[in-house]
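Please read the structure below before turning to the comments.
Derivation of every value follows stated rules applied to the coordinates shown; laboratory data play no part. As the structure is a prediction and not an experimental result, all values here were calculated from the model. Ideal geometry is used to build each Cβ from the backbone, glycine not excepted, and the neighbour counts take in all protein chains shown.
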Amino acid sequence: MSDEKTSPDQPQADDPDVAALDAVPPQYGVGPFSIREVALGAVWLLAFILSFFPVYGYMRSGVSVWNGIDWVLTIGVPTAAVFLIGLRRLSPQGIRRVGSLGIDQFASVAFSVSTVVWLGILWSSFVTLADSRIFYATWVAWVEFILMLAGVFLTVLAPLFPTIGDDFRHRPEIPAHRSASPARPVVPRPAEMRPPGAATPTQQLGGTASPQAAEQTSAFDVAIEDDSPAAAQATQAFWALVPVERDVVDELGTTLFTIDSTAWALVIEDRGDSFVVRHEDGRVGYLRDVSGVTRG
């Protein structure tokens, strides 16, 4: 019988966290970079060197993308993307995203846009060829287009293929940036409602209500003056004031909004041990703690 004891801090073989780590295969590359990142860097380096060669021939001989503003989208943005990919490996705590885009998402956009711009240069050359029998673009434009297309393959389409796709597999999940999260639902703006007994602007001035002041009368006041069954149902709503700040939750108990002693809350249904409360933006939730509530 073995006398060897296991330390309580030592991970056990049947620990699910340890088993999950063992299930993730190692990723090999070149130094700190993955195979995909090395290939993307090589594509960019060749494209960067060729960007100094003439892109246009004939009467615009010797003109490269650096002679104008074309360098920004053709090679500048891909350069920034490759720089950020390298910085992510060398300094993991550095820049993690560009706006709402992750670094790999930004690289996908950068190489896709550059590909379209180079395609535009070639397309314009075909147009001039059809009109004046002159093809302005040189071989550089063709090679740059192919290199940027390879960049799209290594960014946008990489997760679909083996080896280069391993760079995207088994990554830890993190919450999405708020700009990349699903859009919030939009609800209709509720009609303006005032606590019962509150004077209208016309009553405060001591005047007679005109038709336009009548239009501003809240739906709550109209329901009180109406004797129809629908109005009788509406009069069940009332205003409430809580003594301290309290949470209004949904069916699962998640907080939707809070109410406090500084403003009246509209209760649309009294369920005895809880109130159904509607926020001014239309959200509806439950006030579970109704102790000490003042009714308006």
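Here is how the numbers come out for the structure above:
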item: Taking S124, S91 and counting other C-beta atoms within 10 Å, the order from fewest to most; result: S91, S124
item: Student exercise, the stretch 27-168 dipole from Lys, Arg, Asp, Glu Cβ charges, in Debye to nearest 20; result: 180
item: Pair S261, S132: separation of 7 Å Cα→Cβ label points (nm); result: 8.2
item: FRET efficiency, D270 to A213 (Cβ-Cβ, R0 35 Å, nearest 0.05); result: 0.65
item: Average Cα contact separation per residue, the stretch 27-168, under 8 Å, 6 or more apart, as relative contact order %; result: 30
item: Sorted by Cβ neighbour density within 10 Å, fewest at the top, the residues H279, H170; result: H170, H279
item: Extension gain (nm, one decimal) between F168 and F52, 0.36 nm per residue minus Cα-Cα; result: 38.5 nm
